[in-house]
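First up is the structure itself, then whatever we jot down about it.
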Amino acid sequence: MKTNKVVVFDLDDTLYNEIDYLKSAYSEISDKISKLIIIEKKIIYKDLLYFYYSKANPFKKIISKYSIPLDVNDLLVLYRNHRPNLVLTQDRLELFRYLKHINIPIGLMTDGRSVQQRNKLEALNISSFFSEILISEEFGSEKPSLENYKHFENKFGDASYYYIGDNICKDFVTANKLNWTTICLIDNGLNIHKQDKEVPDINYFAQFRITSFKDIVELV
């Protein structure tokens with residue numbers, strides 16, 4: 001039996017709720033727009049959220065509604081380069097401290113743009129906990145690519161690997177094939193990517209489902 005363990009985490013909707021990033025970015029964008037067209041920031045912000053929850057293109061709709069002298073790409077650049085206001089919950093912080101205390105290496109594997117994902121890590125103040133950080137734009141491929149998961153095996157060698165994520169479409173299928181222990185954080189109702197998607201087979205599902213990070217201690 002392998003005695004060494006490595007725990008790898010997803011980022012978005014696992015270590016924080018991604019909707020919090022969206023709301024933080026929309027707040028900054030609303031502030032910029034309000035200064036251009038002299039309409040209250042809170043009105044712009046409310047409209048952006050309304051368009052988002054209506055499944056419309058929020059940036060296209062807001063530009064059209066108020067004849068804003070910006071294009072969609074201008075707002076996308078603001079969104080992707082936003083420095084968010086995010087807070088790490090206590091249960092996540094305690095788990096990180098516990099794993100570090102018992103000398104279990106912690107990794108991060110996340111899909112996304114480098115600047116955007118690193119701004120999130122900076123806001124959460126958690127980069128120092130990770131022994132290895134893999135961001136898809138920097139690495140060159142996204143989950144569920146085999147190379148992304150093998151990167152950690154090549155880095156840490158023979159060990160028992162764990163992956164904690166939320167997205168059943170891509171987080172667990174490759175980890176399952178590599179005999180990692182897979183753990184899915186159940187959607188608390190706020191996830192951007194819902195967990196009711198149809199998947200090709202049962203290998204896409206995690207072996208364990210949890211509602212709190214406190215449950216991970218019993219599984220690792």
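Compute the angle between helix 41-53 and the longest alpha-carbon principal axis of the chain, please, reported from 0 to 90 degrees and rounded to the nearest 10.
Roughly 60 degrees between the two axes.
Could you name the lysines in cross-link range of Lys100, using Cα to Cα under 30 Å and dropping any fewer than eight places away on the same chain?
Lys2, Lys5, Lys120, Lys143, Lys150, Lys155, Lys170, Lys177, Lys214
GNM on the chain, C-alpha springs below 10 Å: top fluctuator among Ala206, Ala56, Ala175?
Of Ala206, Ala56, Ala175, the most mobile in the Gaussian network model is Ala56.
What are the ³J(HN,Hα) values, in whole Hz, obtained from phi via the Karplus relation 6.51 cos²θ - 1.76 cosθ + 1.60 with θ = phi - 60°, for each residue of segment 75-85 in sequence order, with x given for Gly and Pro?
Per-residue couplings from phi come out as 6, 5, 4, 4, 5, 6, 9, 4, 9, x, 9 Hz.
Would you please give the residues with an amide H less than 5 Å from that of Lys5, counting only those at least 5 places away or on a separate chain, with H modeled from the backbone geometry?
Distant-sequence amide H within range of Lys5: Ser160.
Work out from phi, with θ = phi - 60° and the Karplus expression 6.51 cos²θ - 1.76 cosθ + 1.60, the ³J(HN,Hα) of each residue of segment 159-174, listed in order in whole Hz, and give x for Gly and Pro.
Running phi through 6.51 cos²θ - 1.76 cosθ + 1.60 with θ = phi - 60° gives 6, 8, 9, 10, 10, 10, x, 9, 8, 6, 6, 8, 6, 10, 4, 6 Hz.
Given a Förster radius of 30 Å and the C-beta distance between His101 and Lys150 as r, what FRET efficiency does 1/(1 + (r/R0)^6) yield to the nearest 0.05?
0.60
Sort 179-185, 110-116 by packing, meaning the average of other beta carbons within 10 Å per residue, with the highest value first.
179-185, 110-116
Compute the acute angle (0 to 90°) between the alpha-carbon long axis of helix 146-156 and the principal axis of greatest extent of the alpha-carbon atoms of the chain; round to the nearest 10°.
60 degrees
Based on Cβ point charges of +1 for Lys and Arg and -1 for Asp and Glu, what charge dipole magnitude is obtained for the chain about its Cα centre, in debye rounded to the nearest 20?
500 debye
Quick one: what are the phi-derived ³J(HN,Hα) couplings along segment 113-126, Karplus 6.51/-1.76/1.60 with θ = phi - 60°, whole Hz, x for glycine and proline?
7, 4, 4, 5, 5, 6, 5, 5, 4, 5, 5, 7, 6, 10
Applying a 10 Å radius around every beta-carbon, put 24-32, 88-96 in order of their mean neighbour count, most first.
24-32, 88-96
Name the residue from Asn176, Phe59, Ala123 whose Cα lies farthest towards the positive end of the charge dipole of the chain, charges +1 on Cβ of Lys and Arg and -1 on Cβ of Asp and Glu.
With unit charges placed on the Cβ atoms, the residue in question is Phe59.
Report, in deg cm²/dmol and to the nearest 500, the calculated mean residue ellipticity at 222 nm for the chain, where each DSSP H run with n ≥ 4 adds -39500 (n - 2.57) and the sum is divided by the residue count.
About -12500 deg cm²/dmol.
Excluding same-chain residues fewer than 8 positions from Lys65, which lysines have a Cα within less than 28 Å of its Cα?
Lys23, Lys32, Lys35, Lys41, Lys42, Lys46, Lys55
Coordinate-derived values only; no laboratory data. Only a predicted model underlies this, so the values are computations on that prediction, with no experimental measurement involved. Note that each Cβ is placed from the backbone with ideal geometry, even for glycine, and that neighbours are counted across all protein chains shown.
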